[in-house]
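In what follows, a single structure is set out as structure tokens and then discussed.
The values are calculated or read from the model by the stated rules, or taken from the named source; none is laboratory data. Since we're looking at a predicted model, the values are computed, not measured. Reconstructed Cβ throughout: ideal geometry from the backbone, glycine too, with neighbour counts over all protein chains shown. Only protein heavy atoms, including side chains, enter the accessible area calculation; ligands, DNA and RNA are left aside. Shrake-Rupley method; radii C 1.70, N 1.55, O 1.52, S 1.80 Å.
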Amino acid sequence: MEVKRRSARVVTFGCQMNERDSETIMGILSSLGFEESPSVDDADIIIFVTCCVRENAENRAFGNLGETKRLKERNPHLVVGMCGCMAQRSDLREKVQARMPWVDLVFGTHNIHRLPELLQRVFSGERVIEVWDEPCEVVEGLPAMRAYSHKAFVNITYGCDNFCTYCIVPYVRGRERSRTMEDVVAEVGNLAKSGCVEVTLLGQNVNSYGRGLPPRPSGVSPDFADLLYEVNSVEGIERIRFTTSHPRDFTDKMVVAAGSCDKVCEHFHLPLQSGSDRVLDMMHRGYTAEKYLGLVHRIRDVIPGASITTDIMVGFPGETEADFQATMDMVRQARFDAAFTFIYSPRPGTVAAEMPNQVKDDVKHDRIYRLIDLVNSTAGEVNDELRGAIREVMVEGPSERDTSVLSGRTRTNKMVHWTASKEHKPGDLVRVRILEPRTWTLYGEEVMSGGELDV
Ligand code: SF4
């Protein structure tokens, strides 16, 4: 008689850090004999990896958790778990504890490696709530079920020490810890052996990598530039990406390293947040608009054709129309390839949430619409300049919207759709002539080898 293997579903909200944690959680569950379930409906265990960077992320997680009540009534043996950044916030954790008795397991961002023991206790009938306020040493060697075979996220740091006044991350992800260079390079090497061609180095602030690591024979701790050179020497890797950068810590040594490492892709995600020095100061970002713009120009001088994307927030407490106009002016000057735009959402426990002069919702919405219009028009103009250019594209697979065309990304991280002239698999590098650039996507045709790549 065939024994049905138990199945698990990991549902991820939020950022790439959570996506990487979900791969570890699914890796641990797989090592315990669970197979991946295609949906929550058929799973024997469901784990939600939650996010609390903005209120709407919390609401979505609560909605999904609420939904599992029905599934638990149908299958009383179902195990429901919650982890991630919401679990780290005591107020949210207590809310789940009190109002969602069908949630069997709650753990945090610092004790994912404890999952086997925690599940053991749940299977013996206990309701387990175990969240660590402080992280322990970086735990290496945890299993991972990677989402893709051709590309992978590689953590280089955990946590953040910057305490930007609007941000909850330092409170839920802890103090910054860097992995050793040896561990990062070993992981990249193993990924390359398994056929992975692109790695994205992951950290809340990759530019502060190495702080706190033991000094090298040279007497200084390695930094992000040193790491780039090391990863660039790993055979089999074709492309290196990294996120998220911090303009205050992006040194010239790092710009030069990014420019001289042939595998480092010419895309830089550089959150600006605001174009007003007054607001940047209240945000505790540690740079001015002028310094930021100087960095953008320096990157484009050293790496011609580099694409720069950013994060911009509107409605920070005390933000005036003049402050907002300074942000709009920065968008015009920096000519971003793309920008993620956000409305400020007060996070309990952060400094900004207690600040006076909270901006009214209608003003926030008016500003975000004006900002999005400008960002879209700038991005469209920037993409227009690519008409007729030939770009190297890494194949991701059939386009979600139209499976007859392929989709992939340029080294500058632009999404491309094209009609393939032959079979390709994810990770293949092809050349595409851009025929029709649009704001967010480039459409083109495949160029057989020999077409000169336009930088
Ligand atoms: S750098 Fe600032 S915004 Fe980014 S995670 Fe750290 S505290 Fe948050």
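Structural remarks
- Any hit, the stretch 45-53, residues being of a type outside the set (A, V, I, L, M, F, W, C) and out of contact with any Cys (no Cβ under 9 Å at 6 or more places or on another chain): no
- Just one of the numbered conditions (1) more than 16 Å from the ligand (Cβ to nearest atom); (2) of a type in the set (Asp, Glu); (3) in contact with a helix residue (DSSP H, G or I) (Cβ under 8 Å, 6 or more places away or on another chain) is not true of residue 187: (3).
Matching residues to (1) at pLDDT 95 or above; (2) closer than 18 Å to residue 169 by Cβ; (3) β-branched (Val, Ile, Thr); (4) outside any loop (DSSP other than H, G, I, E, B):
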{"residue": "20", "(1), (2), (3), (4)": "yes, yes, no, yes"}
{"residue": "53", "(1), (2), (3), (4)": "no, yes, yes, no"}
{"residue": "65", "(1), (2), (3), (4)": "yes, no, no, yes"}
{"residue": "70", "(1), (2), (3), (4)": "yes, no, no, yes"}
{"residue": "110", "(1), (2), (3), (4)": "yes, yes, no, no"}
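- Any hit, the stretch 424-443, residues being without any contact (Cβ under 8 Å) to a residue 12 or more places away in the chain and either closer than 30 Å to residue 275 by Cα or out of contact with any Cys (no Cβ under 7 Å at 6 or more places or on another chain) (or both): no
- Sole exception among (1) closer than 28 Å to residue 152 by Cβ; (2) outside the structural domain of residue 242 (by TED's automatic domain parsing); (3) touching a strand residue (DSSP E or B) at 6+ places or on another chain (Cβ under 7 Å) for residue 436, by number: (1)
- Filtering the stretch 196-218 to residues that are under 19 Å from the mean Cα position of the chain (by Cα) and within 16 Å of the ligand (Cβ to nearest atom) leaves 201, 202, 203, 204, 205, 206, 207, 208, 209.
- Sole residue being over 19 Å from residue 271 (Cα atoms), modelled with pLDDT of 95 or more, open to solvent by less than 20 Å² (accessible area, probe 1.4 Å) and not aliphatic (A, V, I, L, M), chosen from 210, 195: 210
- Restricting the stretch 230-275 to residues that are within 15 Å of residue 336 (Cβ to Cβ) and more than 16 Å from the ligand (Cβ to nearest atom), the residue that is nearest to the chain's Cα centre (by Cα) is 267.
- Residue list for the stretch 225-260, restricted to those being over 22 Å from residue 309 (Cβ atoms) and touching a Pro at 6+ places or on another chain (Cβ under 9 Å): 230
- Any hit, the stretch 131-138, residues being surrounded by 15 or more Cβ atoms within 10 Å (Cβ to Cβ) and out of contact with any Ser or Thr (no Cβ under 6 Å at 6 or more places or on another chain): yes
- Residue check, residue 221 within 16 Å of the ligand (Cβ to nearest atom) and of a type in the set (Gly, Ala, Ser): no
- Scope the stretch 144-165; condition among the polar types (S, T, N, Q) and over 19 Å from residue 109 (Cβ atoms); matching residues: 149, 165
- Any hit, the stretch 435-455, residues being among the hydrophobic types (A, V, I, L, M, F, W, C), buried (at least 20 other Cβ atoms within 10 Å of the Cβ) and assigned to a strand (DSSP E or B): yes
- Of residues in the stretch 324-357 being farther than 30 Å from residue 413 by Cα and modelled with pLDDT of 95 or more, the one nearest to the chain's Cα centre (by Cα): 350
- Members of the stretch 362-371 found to be open to solvent by 60 Å² or more (accessible area, probe 1.4 Å) and under 27 Å from the mean Cα position of the chain (by Cα), listed by number: 365, 369, 370
- Count - residues of the stretch 143-179 that are touching an Asp or Glu at 6+ places or on another chain (Cβ under 9 Å), open to solvent by 10 Å² or more (accessible area, probe 1.4 Å) and within 9 Å of the ligand (Cβ to nearest atom): 4
- Residue, surrounded by the most Cβ atoms within 10 Å (Cβ to Cβ), within the stretch 36-49, restricted to residues that are within 27 Å of residue 340 (Cβ to Cβ) and touching a Leu at 6+ places or on another chain (Cβ under 8 Å): 48
- Where strands (runs of 3 or more DSSP E) fall entirely within the stretch 257-361, those with at least 3 residues that are surrounded by fewer than 21 Cβ atoms within 10 Å (Cβ to Cβ) are at 338-343.
- Qualifying residue in the stretch 165-176 (condition: touching a Lys or Arg at 6+ places or on another chain (Cβ under 7 Å) and of a type in the set (S, T, N, Q)): no
- Pairs with Cβ under 7 Å, 6+ apart, first in the stretch 81-103 and more than 19 Å from residue 132 (Cβ to Cβ), second open to solvent by less than 40 Å² (accessible area, probe 1.4 Å): 100/65; 102/68; 102/72; 102/80
- If the condition is being closer than 30 Å to residue 429 by Cα and out of contact with any Asp or Glu (no Cβ under 6 Å at 6 or more places or on another chain), then the stretch 340-378 contributes 375, 376, 377, 378.
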